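Engineer: Before I ask anything, let me first share the structure, which is written out below as structure tokens.
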Amino acid sequence: MSILIKGATILAGGQAGMEPFTGDMLVEGERIAAIGTGLEAPDGTQTLDGSGKLVMPGLVNAHLHSNEALFKGRYDNMPLEVWMLYSYPIRAAKALPPRLVYLRSMLVAMESLRTGVTCITDDLYESPRSELELMGAAIDAYDDVGIRATVSAHVVNRNFLDTIPFTRDYVPQDLQDEIGRMIPMSTQEYLAFVKEAHARFHGRSGRIRTMLAPSAPQRCTVDLMQAANELAREWDAPFHTHIVETKVQGVTGPEFYGKSLMAYMDDLGLLSPWTTIAHSIWVSDDDIARMGRAGVCVAHNAISNQKLGAGTAPVRKLLDAGVHVGLGSDGICSNDTPRIFDVMKAAGLMHKVNNPDWKRWLTASEVLHAATLGGARTARLEAETGSLEAGKKADFLVLDMETASFTPMNDLRQHLVYCENGSSIEKVFVNGEMVVDGGRLTKVDEKALLAELREMMPAFQEYTLGVEAANRVLEPAFEKVVKRCYGMDIGMTRWASDV
């Protein structure tokens, strides 16, 4: 099928940059055939009037944990290490029914598409451990709704208490013994899992990809990380991990390895263009230089980092060093939505507060780049999506510019970052297929799916109350760990610095 959009305002990104212009765009099948003026429609082409419309790349969510979606709106006022006791429970967790995982994933995907996110990176974690059937349920949801998705099997293969400093000083011995009896996935089990997942799911519908996701350097053994790194290069897939999200993690590197976690990764040869780092908050100038030399990507989670009190990533310094930056929502109970329009506004604002040099504040164009092509780069998809260019996949949005969000019209880019929230979106295309039309998802029955999920929630919430009670006994010990780490000076501040 061919579609020609005539006379629209186009914000192309990529080589064309973020300067809007008036023109036409021709889509043939799943790809953009041409962008210009005076384009002619081949026979059988559907023509859309672009007058008063904006055509722009679909937004990219560079870091997402869909497994948190059933906890949205549930937890608040906890630092990450305490919050994880409930959102990633150690005790009493059991595998969820595949249908619940499907609906959970569909909840995330439907809201993402309706608010302009055409491409997600889902760092999927299942408690107590990954299962192919559950990963398949999530991928089925993404396939059915029509979104582009890169999906992982997030893995931790070290004893939980050995991933956070000082826990053994405070966790009661009987709980230490109980946690010690939990056997994590071995390196060989993980490799077998990801290879089977890659064979089953990678390439489905031209929209689904798999990736490698060792949770963090302090949470995984060296042999697992190195094996995952080799597969990432072989498959040209992201090596997606978390580094120095919190002050506790900033202390972890020096405490465990005598160096920062970033230096530890670099010395192991695990920083490269395939590496995407979620967060990167508690980094030193030396860390940033290492990241820049390696050409890594960072997924900047501006809202989640604020909700968990984690700090502010030094985005200006990262960009200056040559680090590629995308925007992520992070988990759906540390944000609590997958809306990237919200993240754009937060990212545009938060870096003004921490830096008195206003000439180094992020511009609207830089924020938009991070939300589109920068995000695609974090997923190794920059050649396929993230900008409107001939030959690329037709992942794009059509917005009505005659709404309150664009009235009065001044600088279009600033309207998108600071005024728009997704409510002006009329159509969303992924892979050349219209998946949202007039706010309605075209491939699934959203109302019926939400109703089905609501029916399943009472049983899940009752189960969750038991899990929370089982893990609450660990909270006093983890509060002490957090307070101890915040009392240590490691020469980095992420609240009032040149970011």
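Engineer: Given 439, 423, 82, which one lies farthest toward the positive end of the charge dipole of the chain, if we put +1 on the Cβ of every Lys and Arg and -1 on the Cβ of every Asp and Glu?
Structural biologist: It is 82.
Engineer: Kirkwood Rh over Cα pairs of the chain into Stokes-Einstein at 37 °C, 0.692 mPa s: D in µm²/s?
Structural biologist: Working: Rh = 23.0 Å.
So the translational diffusion coefficient is about 143 µm²/s.
Engineer: To the nearest 10 degrees, how steep is helix 187-201 against the longest Cα principal axis of the chain, on a 0 to 90 scale?
Structural biologist: Around 20 degrees separate the two axes.
Engineer: Let me know the charge dipole size of region 324-425 about its Cα centre in debye, to the nearest 20, where only the beta-carbon of Lys, Arg (+1) and Asp, Glu (-1) is charged.
Structural biologist: Details: 10 positive and 13 negative charges, 64 e Å.
Charge dipole, region 324-425, about its Cα centre: 300 debye, nearest 20.
Engineer: Please work out the Cα convex hull volume for region 368-438 and give it in Å³ per residue. Each step should come with its number before you reach the end.
Structural biologist: Numbers: hull volume 6.8 nm³, N = 71.
Dividing the Cα hull volume of region 368-438 by its residue count gives 95 Å³.
Engineer: Ignoring any ligand, DNA or RNA, what whole percent of the accessible area of region 338-393 comes from carbon and sulfur when the probe is 1.4 angstrom?
Structural biologist: On the way: 1220 of 2030 Å².
With neighbouring chains kept in place, the figure for region 338-393 is 60 percent.
Engineer: Still on this structure, please answer the following. Would you please give the residues with an amide H less than 5 Å from that of residue 31, counting only those at least 5 places away or on a separate chain, with H modeled from the backbone geometry?
Structural biologist: Those qualifying (amide H under 5 Å, at least 5 residues apart or on another chain) are 394.
Engineer: For region 8-71, build the charge dipole from Cβ charges (+1 Lys, Arg; -1 Asp, Glu) around the Cα centre, then report which of 39, 52, 69 sits farthest towards its positive end.
Structural biologist: It is 69.
Engineer: What's the percent breakdown of Cα-Cα distances in region 226-283 across 10 Å bins, shortest bin first?
Structural biologist: Per 10 Å bin, starting at 0, the Cα pair percentages come out as 25, 50, 23, 2.
Engineer: Give me, ordered by chain and number, the residues 5 or more places off residue 10 or on other chains with an amide H under 5 Å from its own placed amide H.
Structural biologist: Amide H neighbours of residue 10: 21, 22, 23, 55.
Engineer: Quick one: length gained pulling residue 306 to residue 363 fully straight, 0.36 nm per residue minus the C-alpha distance?
Structural biologist: Values: separation 57, 0.36 × 57 = 20.52 nm, distance 2.02 nm.
Extra length available between residue 306 and residue 363 comes to 18.5 nm.
Engineer: Assigning unit charges at the beta carbon (Lys, Arg +1; Asp, Glu -1) and nothing else, what dipole magnitude in debye, to the nearest 20, does region 37-99 show about its Cα centre? Before the final figure, lay out the partial values.
Structural biologist: On the way: 6 positive and 6 negative charges, 119 e Å.
So the dipole magnitude of region 37-99 works out to roughly 560 debye.
Engineer: What list of ³J(HN,Hα) couplings, whole Hz, do you get for region 213-226 from phi and the Karplus terms 6.51, -1.76, 1.60, once you set θ to phi - 60° and write x for glycine and proline?
Structural biologist: 9, x, 4, 5, x, 7, 9, 10, 6, 4, 5, 5, 5, 5
Engineer: Continuing with this model, one more query. Given the rule -39500 (n - 2.57) for each run of at least 4 DSSP H residues, summed and divided by the residues of the chain, what is its mean residue ellipticity at 222 nm, to the nearest 500 deg cm²/dmol? Write down the numbers at each step before the final one.
Structural biologist: On the way: 17 runs with 187 residues, N = 499.
That comes out to -11500 deg cm²/dmol.
Engineer: I would also like to ask the following. Would you work out which of 232, 222, 203 lies farthest towards the positive end of the dipole of region 202-243, given +1 charges on the beta-carbon of Lys and Arg and -1 on that of Asp and Glu, about the Cα centre?
Structural biologist: Of 232, 222, 203, it is 203.
Engineer: At a Förster distance of 45 Å, what's the computed FRET efficiency of residue 183 paired with residue 77, Cβ-Cβ distance as r, to 0.05? Please list the in-between numbers first.
Structural biologist: Details: r = 34 Å, r/R0 = 0.75.
Once the sixth-power term is evaluated, E becomes 0.85.
Engineer: Evaluate the Debye formula for region 237-374 with equal point scatterers sitting on the alpha carbons, no solvent, and hand back log10 of I(q)/I(0) at q = 0.14, 0.21 Å⁻¹, in q order, two decimals.
Structural biologist: Debye output, listed in q order: -0.60, -1.35.
Engineer: Out of residues 5 or more away from residue 48 or on other chains, whose amide H comes under 5 Å of its own, with H placed 1.01 Å from N in the peptide plane?
Structural biologist: 4, 5, 6
Engineer: Return the sequence-ordered ³J(HN,Hα) values of region 173-185 in whole Hz as given by the Karplus equation 6.51 cos²θ - 1.76 cosθ + 1.60 applied to θ = phi - 60°, using x for Gly and Pro.
Structural biologist: 4, 5, 6, 4, 5, 4, 5, x, 7, 7, 9, x, 4
Engineer: Using the Karplus curve 6.51 cos²θ - 1.76 cosθ + 1.60 with θ = phi - 60°, work out ³J(HN,Hα) for each residue of region 58-73 in order, rounded to whole Hz, and write x for Gly and Pro.
Structural biologist: x, 6, 10, 8, 7, 7, 8, 10, 5, 5, 8, 4, 6, 9, 4, x
Engineer: If I stretch the segment between residue 411 and residue 1 completely, what's the gain in nm (0.36 nm per residue apart, minus their alpha carbon distance), one decimal? Numbers along the way, then the final one.
Structural biologist: Values: separation 410, 0.36 × 410 = 147.60 nm, distance 3.41 nm.
Residue separation times 0.36 nm, minus the Cα-Cα distance, leaves 144.2 nm.
Engineer: Sticking with this structure for a sec: Please give the contour-minus-distance gain from residue 200 to residue 94: 0.36 nm per residue of separation, less the Cα-Cα distance, rounded to one decimal in nm.
Structural biologist: Values: separation 106, 0.36 × 106 = 38.16 nm, distance 2.43 nm.
So the extension gain works out to 35.7 nm.
Engineer: Calculate, for residue 174 and residue 40, the FRET efficiency according to 1/(1 + (r/R0)^6) with r their C-beta to C-beta distance and R0 56 Å; round to the nearest 0.05. Intermediate values should be presented prior to the final figure.
Structural biologist: Details: r = 76 Å, r/R0 = 1.36.
That gives a FRET efficiency of 0.15.
Engineer: Carbon and sulfur together cover what percent of the accessible area of region 56-161 at a 1.4 Å probe radius?
Structural biologist: Details: 1230 of 2540 Å².
Exposed carbon and sulfur together represent 48 percent of the surface.
Engineer: Another question, then. With +1 assigned to the C-beta of every Lys and Arg and -1 to the C-beta of every Asp and Glu, and no other charges, what is the dipole magnitude of the chain about the Cα centre in debye, to the nearest 20? Display every interim value, and only then the final one.
Structural biologist: Values: 49 positive and 64 negative charges, 114 e Å.
So the magnitude is around 540 debye.
Engineer: Using packing as a proxy for protection, rank 281-290, 373-382 so that the peptide with the highest average count of other Cβ atoms within 10 Å comes first.
Structural biologist: On the way: 281-290: 20.4, 373-382: 26.0.
In decreasing order of mean packing, 281-290, 373-382 become 373-382, 281-290.
Engineer: Let a ≥ b ≥ c be the square roots of the eigenvalues of the Cα gyration tensor of region 425-491; is it rounded (a/c under 1.5), or, if not, prolate (a/b larger than b/c) or oblate?
Structural biologist: Details: a/c = 5.84, a/b = 1.78, b/c = 3.27.
Oblate shape, in that a/c is at least 1.5 and b/c is the bigger or equal ratio.
Engineer: Sticking with this structure for a sec: Report the calculated FRET efficiency for residue 159 and residue 127 (r = Cβ-Cβ distance, R0 = 22 Å), to the nearest 0.05. Let's see the in-between values first.
Structural biologist: Values: r = 16 Å, r/R0 = 0.72.
FRET efficiency, residue 159 to residue 127: 0.90.
Engineer: Using the heavy atoms of the protein chains and a 1.4 angstrom probe, tell me the accessible area per residue for the chain in square angstrom. Don't jump to the answer; show the numbers that get you there.
Structural biologist: Details: 17980 Å² over 499 residues.
Per residue, the chain has an accessible area of 36 Å².
Engineer: What figure, in Å² to the nearest 10, do you get for the accessible area of residue 72 with a 1.4 Å probe and non-protein molecules left out?
Structural biologist: Accessible surface of residue 72 is approximately 80 Å².
The values are calculated or read from the model by the stated rules, or taken from the named source; none is laboratory data. The structure displayed is predicted, hence computed values, not measured ones. Every residue, glycine as well, gets a Cβ built from its backbone with ideal geometry; the counts of neighbours run over all protein chains shown. Heavy atoms of the whole protein, side chains included, go into the accessibility calculation; ligands, DNA and RNA do not. Shrake-Rupley method; radii C 1.70, N 1.55, O 1.52, S 1.80 Å.
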